[in-house]
Structures are given as C-alpha cells and as structure tokens.
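A short worksheet on the structure shown next.
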Amino acid sequence: MKVKYDQVAAWLLLIASVGYFLLYVAKYVADVPFFDDFRNITILHEIQKNPSELLPQLFQNFNGHRLAVPFGITWLGYLVQGTYHPQTMMLIGALSYVGLLLVMVRTLRVAGVSLLATVPLAFFLLQPSVHQNIFFALSTLQYVFSSFLTALMFLCLCVGGKPNFALALLAGLLLPYTNGNGMYVFLIGLPILLFMRRRREATAWAVALVANALVLYKLLPQVAAGSTSTVPHTNFYTDYGLAVYRFFSFLGSYAYPFRLNSNDTIGAGVLLFVLIGGGSLWLLGKMLLEYQRAWVKKGFSTEWRGQIALIATGGAILITSVGVALSRGQGTRYNIVDRYMLYSIWGLAVAYGIAWVLLNKKAQLRGLFVALPLSVFFSVFMYWYFTPHVSWWKNSLEADAYNLQNNYTVQGKIHPFNQQGWEEYKAAYDDGIYKYPPTLFGAVENQLNNPASAPTNYRFAIGAEKLEVYGGIDILTISLDAQGQPLAKYPNELFVLLSDTTNHRTYLVAPEWERNFGYRAFLRGENAYSEVFTARIYQGNLPSSTYRIGLLRMDKNTPVLEYSDQLVSISASNKHHLSGTFLARDAARKRADNALQ
C-alpha cells in the first residue's frame, strides 16, 4: 500500500496541535467559580433540597436566555462527581472546542479539500485568544458547546441520511436551550432542506421548529425580554450607524492583538464579511448555474454538500454578529470583548474554508505555502500574546478561592453577590455542593494576617479608575515599577496583599503585569512580560478601612511575605461587600466552632 505522506503529515500536525492545546488548558484550569458560575451552585442546591425543582431550575429564565443544556451538563457532572467542579465544565468545553475543529475539518473534507489543507484550521482555532470561552465554566458550556452543536447540525444536515438527519434535528432542538441565538440558527436548517429539495425532511424540520418555538416563547415566556445591556445607550433606531461599527469590530476582533488598534478590527471585520458573505453568494451562484437542470429532473447533486454546510455556518456567525451589534454595547463604537472572541476566530476559520473551496486545485496547492506558515505564525503569536493574561486569570481565581473562604468576597473582578446571593451561596457551600480546591496559599495562610513579616523596600504608586458599568464601579490601582529588581522573575507567582489595620484581615489580589504588546515586539523576540505590574482593587468589594500594602511571591515554591510601610485608605463607594455585622457574626461562629474542637 502506498503511503500518502501528505496525509501522515496532516494527521501529525492535527494531533500535535490538539494535544498541545489540551495540555495548555490542563495547566491553566482552576477549580474556582467566576461570576455567573455561582448561579450553577445555587441551582444545584435547589435541586438537592427539592428534586421536583429539577426542570424549573434547568429551564429558568437566566438573563433573557434558557440555558437548560449548560445547567443540565452541570447537574450531570454534579451527580457523577458528588460536588460541583468548575474545572470539569471547562475541560468539557475544551473538548467541545476540539470537537468543533474536527467537525470543521470534516466539513472541508466533504467539500473536497485535501486533509493537509485543513491543518490551518487547527492553528487558527486552537490558541488562547478564546480563553474566556474556556476558563469560565458557564461561558464554555454556553458559547463553545452551542458552536459545536451548530457546526455539527449543518454538517449532518447536508451530508444526509436518516441517522445524520436525526442527529442534526437533535442538535437543532438543543440549540435554543444552549445559547440565545439558538432558535435563529435552528431556523437556517429549513431553507437548507428546501434548497436541497428534501421536502419530507423539510416538513419534519418545520414541525419541530414550530413546536420548539411554542415551548420557548409560550410555555416558557419572557425568553428574550429586551436588551440586557447595562450601558446607557441612545435611541435604538438612531444607533444603527454605531451598530455597523460594532458589527464589523465584533467580527474582526481577532486582529486587535497585533497592533492594539481598534480601527484594525473594522477592516478585519469587513474582510471576513466579504469572504463569508461574498464567497457564499459566489458559491450559490455557481450551484444555480451548473445544476439547474439536475435539480429539476434528478434532485440536488451531492457534490455541494460540504459547501452548503460552510455557507450555513458562516450565515450563523453573521446572524450572531448582527444580534450582538444590536443588543450589546449600545452607544459605543467598538465591540471587542474577550468572551465573544470565539465568534471572530471561528469566523476566520470559516472564511478560510470558503476561500479555499473557491480556488482551483492548482491555486490550492500554491496557497498551502502561504496558508500553513501564516496560520502557524497566527497561533504562535496568540500564545505569546494571551498567555500572560491566561496566567493572571488563573492566579486571580486562586486568589478568589482564598478571599471567598476567608473574607467572603472576590477581588480584581465585579462582585458576584448581593447579601441575599451570598447567603444562598453560603448555604449551598455548607451543604457540600461545592468545595474550595487547595490553593498556592495553604503554606502561608497563618502568616498572611501578620504585617510583621519581612519589610519591603518597594514603593507603590496609587491611582484610580472607574469602570462604566452598573452605574460606575470605583477601582483603586496599585502599581509597581520593578525595573532591574528581582520581582521580574516572578510574573506568574506574585500577589499584592492588603492588610486591614482595623479588622486584621488580609485580602489577596493578583496583579496584571504590563506586557510588550504587538507583532513587532513578538518578531523582535521580546519577553511577553515587561517590568511593571498593576493591581486593580474594586473598592466596593472591601470594607471601608485603612490597609497596609504588601507582597507575596513564590521563590522556588517557597513563599516570601513582605509588607511595606505604605498605607492606603479605601472608602467603599458602590458597596458590594458583605456587611460588617455579617462578618462579625460569621467570625464569632468560627471561634465557637474552634472552641468546641
């Protein structure tokens, strides 16, 4: 048997890219909830207390969506593992993302593209620009899993056959309960079947579509009750001009890291729109010209199945982009958000696929010499650019675990609780729904509240910022310029400490290191980290008090505590932290528990 070396090389590259990505995820995953993840915990608690609440809890209205599939996966994970593990959900999301890649590879193969030419898809998709769609449990089950279901639905629908149609229908039925765009994506299947002259299947699809819509919009009312944006915005109808900018910047977000210029995303978005929209129209035109007689006499030719799946997938991405442009960030010009980066990267992969099937065989062979090195550069650059942020994200979640256990709050992020929400979460935690993982701070936990630790000679600059959401959130910034100092050796293992001089509590904050941005720094081989960091303190998450600033760093796995003589006063405006009475009550309960042991 003749060995096809190009296929062997393609499989090796695909396996290597998948393996490296999964190892990367395993390295940076943290078993700590973030923001909406806390809702998972309270949902599980309600079901544990009253099993009859299972369906009402899974199908509840959550910010205008029905997320029964993400909540259901969370519940199944809880049944299997006995407690809620956010990292399990993140790993499921990572595997779903690999599944999305494999479905895209298969789609291109059905469209007649060589296996080697599908390799750039792996380099475009499998890199950490999508970190907030992986290392955020509810986000990964919503956005990543729905994207996998979308691509799978279109592929199975276009390939045809009863098993594939059944699988496509199942994916379509699940989509409206996985993400807010699900019903619109499900709808796209109907014109596909009509276009392919599969009338009986089109009738079944239409019946399922209507039934699902009745359930979603009648039996489960208020699913899409207006905009969920919290940003003050202009009149909806006068916002169309800015919405066009938001549409293209959303679609072209993949370009932002290269020069940190928001205008670049507009051009990149226009390019994707032309490739996806224009390329799709060109392909549809070719189908109509070449197969008009065949459609009338014999039915649809199977030669175009992969191309139609690509066109449909691109259409779903464009529809989602329109929805986000109209419903998110009204009054703003750009929509460059990390948790939406998935759609831009996925759009890039689809645009590549459509462009590729438009080329003839000779052009495809020549194009490989451009596409392969370009996609490798894209992937390596994205790892270089985003890894410092991914590392910070993990450290911030580790700090959250400590702060939640000891101080009933989080830092460096918007607070996820009001008083009632905290008490619901605390009741769920006490009943074993979730358990905090071991953190980096176990070895020094008893020393953290001791400002008599070694003094530091570092000086900190204090500043202020305001986050314009939820009525405005005041942020205190603590910056350090460590040029020429040994701190530069610890970018991934350094934390800022705030020691409350009144209540003798210590709060941990993971600082963000300044980075050497842009493709030029990358090409010069510069370190991704610079010598400066900034810790952002959300003042509403802390009690009003005076705090001493310190540092905790890990020196060869040995913790080193240092406190400065600098003090900072925090007045907790826009308070989100728990009341002092609740803190005192819980501290008294802990002392009583310790006395009984």
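The values are calculated or read from the model by the stated rules, or taken from the named source; none is laboratory data. Being a predicted model, the structure only gives us computed values, none of them experimental. For neighbour counting, all protein chains shown are included, and Cβ atoms are generated from backbone atoms with ideal geometry for every residue, glycine included. Keep in mind that these areas ignore ligands, DNA and RNA; they rest on the heavy atoms of the full protein, side chains included. Shrake-Rupley method; radii C 1.70, N 1.55, O 1.52, S 1.80 Å.
Points worth noting:
- Residue 62 long-range amide H proximity, modeled H, under 5 Å: 67
- When all protein chains stay in place and ligands, DNA and RNA are ignored, the 1.4 Å accessible-area order of 392, 422, largest first, is 392, 422.
- Take the Cα of residue 244, step 7 Å toward its Cβ, do the same at residue 217, and the gap between the two points is 2.9 nm.
- Within straight-line cross-link reach of residue 286, aspartates and glutamates at Cα separation under 13 Å, skipping those fewer than 8 residues along the same chain: 303
- Total formal charge among the other residues, if their Cβ is under 15 angstrom from that of residue 412, Lys/Arg +1 and Asp/Glu -1: -3
- Largest to smallest accessible area among 66, 109 [probe 1.4 Å]: 109, 66
- The stretch 120-216 shape via C-alpha gyration tensor axes, a/c threshold 1.5: oblate
- Area accessible to solvent at residue 149, 1.4 Å probe radius, in Å²: 10 Å²
- With the simple spin-label model, which puts each label point 7 Å out from Cα in the Cβ direction, the residue 166 to residue 22 separation comes to 2.8 nm.
- Cα gyration tensor, the stretch 303-441 - rounded (a/c under 1.5), prolate or oblate: prolate
- Sequence of 152, 100 when ordered by accessible area, the most exposed leading, probe 1.4 angstrom: 152, 100
- Cross-link partners of residue 466 among aspartates and glutamates (Cα-Cα below 16 Å; sequence separation of 8 or more within a chain): 474
- Residue-level accessible surface for residue 245, protein heavy atoms, 1.4 Å, Å²: 80 Å²
- Modelled spin-label separation between residue 462 and residue 79, with each label point placed 7 Å from Cα along the Cα-to-Cβ direction: 5.4 nm.
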